[in-house]
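Here's the structure, in structure tokens; my notes come after.
The values are calculated or read from the model by the stated rules, or taken from the named source; none is laboratory data. Model, not experiment: these values are computed from the prediction. Neighbour counts are summed over all protein chains in view; Cβ atoms, including those assigned to glycine, are modelled from backbone coordinates with ideal geometry. Note: areas computed on protein heavy atoms with side chains; ligands, DNA, RNA excluded. Shrake-Rupley method; radii C 1.70, N 1.55, O 1.52, S 1.80 Å.
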Amino acid sequence: MSTSVLRTRCLASHRASLPLLNPLQAHIVSNKKRSINTQPAYPGHIPLTAFQNAFLAVGSAVMSLADPYRADMVAALGETTAGPALPRLRDIMLQSPEGTRILRERPRINTSTVDMQALARLPEGTFGRMYITWLERTGVTPDSRDPVHYIDDPELAYVMQRYRECHDFYHCINNFSVNVESELAIKYFEFANLGLPLAALSALFGPLRLNQKKRQRLFSEYVPWALKCGSTARCLITVYWEKRWEQDVVEMKKELGLLDSPARWPKPKSPQPVDLQASSAENVLGSR
């Protein structure tokens, strides 16, 4: 008897010895497998099927265009359209000692983890002092970031959370305010630097909200800077900002390859102290 025939008979005998499942048992097993795949992978996680993800992506896109101040919808759009961008950013972080440390320690940025009063005592010219001044000038708080819900992989969910919580640093280090044209400039910068689809969508449709004068300035000054600077600078998702509070801003920008921006601030107002108890702030294109 040949080896192949003997193997076939043994396999058939093994299959015949397996217990047959009746329809009810098969249904239970099928549901069990499905439930395993849809169990939350981290606190706040909401697992979605491919259809649900697509449906939410379309719905959140429509809602975001209708009302850009719906931060929850913009956040959902960012998560459901992230696709392969997050694994790519995670891999970039793993290629950097600083980025690897971020993934290992998973720091968070809010008023519970950052000593705002200590930053206010830092010398002028340091990144920490620049950040606290930026918060005071804009009235923004780091406590306004929505948690990630719809990304299945916990590590990739953290990459998205990290992006959200570091977004204000990109405004700060590049000296941009939080008005619409400034937000769009940073979106173009983020698309060139990070490659996130949400940044591209915001950059594509956001200019429709500007008048002709502001749109002209956006495309003649801000966008060329954003695309050039974003594409040549170090990938900012790898920067451990919290370890650089005392670093000189000029030195930091040189190290990261950041070009001076053409940013224009609105008419200056009296700076307001950072409200350490604040839980929300102005939302511009869903990023505030």
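Just to be sure I understand, how many residues within region 190-219 are within 13 Å of the chain's Cα centre (by Cα) and open to solvent by 80 Å² or more (accessible area, probe 1.4 Å)?
The number of residues fulfilling the criteria is 1.
From the list Thr80, Thr111, exactly one residue is closer than 29 Å to Ala41 by Cα and touching a Pro at 6+ places or on another chain (Cβ under 8 Å). Which is it?
From the options Thr80, Thr111, the qualifying one is Thr111.
When only residues in region 99-112 that are in contact (Cβ under 8 Å) with a residue 60 or more places away in the chain and under 30 Å from Gly139 (Cβ atoms) count, which is surrounded by the most Cβ atoms within 10 Å (Cβ to Cβ)?
In the first step, residues of region 99-112 are kept if they are in contact (Cβ under 8 Å) with a residue 60 or more places away in the chain; the result is 99, 101-102, 107, 109, 111.
From what's left, under 30 Å from Gly139 (Cβ atoms): 102, 107, 109, 111.
On the way: Ile102: 23, Pro107: 16, Ile109: 20, Thr111: 17.
That would be Ile102.
Here is a list of conditions, (1) among the aliphatic types (A, V, I, L, M); (2) at pLDDT 95 or above; (3) surrounded by fewer than 23 Cβ atoms within 10 Å (Cβ to Cβ), and Val180 meets all of them except one; can you say which number that is?
Every listed condition holds for Val180 apart from (2).
Pull up region 230-267, narrow it to residues that are over 18 Å from Leu89 (Cβ atoms) and of a type in the set (A, V, I, L, M, F, W, C), then point me to the one that is most open to solvent (accessible area, probe 1.4 Å).
Here the residue is Val250.
Select from region 37-64 the residues that are farther than 22 Å from Phe191 by Cβ and at pLDDT below 85 and list them in ascending order.
Asn37, Thr38
Inside region 65-98, can you point out the residues that are at pLDDT 90 or above, crowded, with 21+ Cβ neighbours inside 10 Å and not in a helix (DSSP H, G or I)?
Ala82
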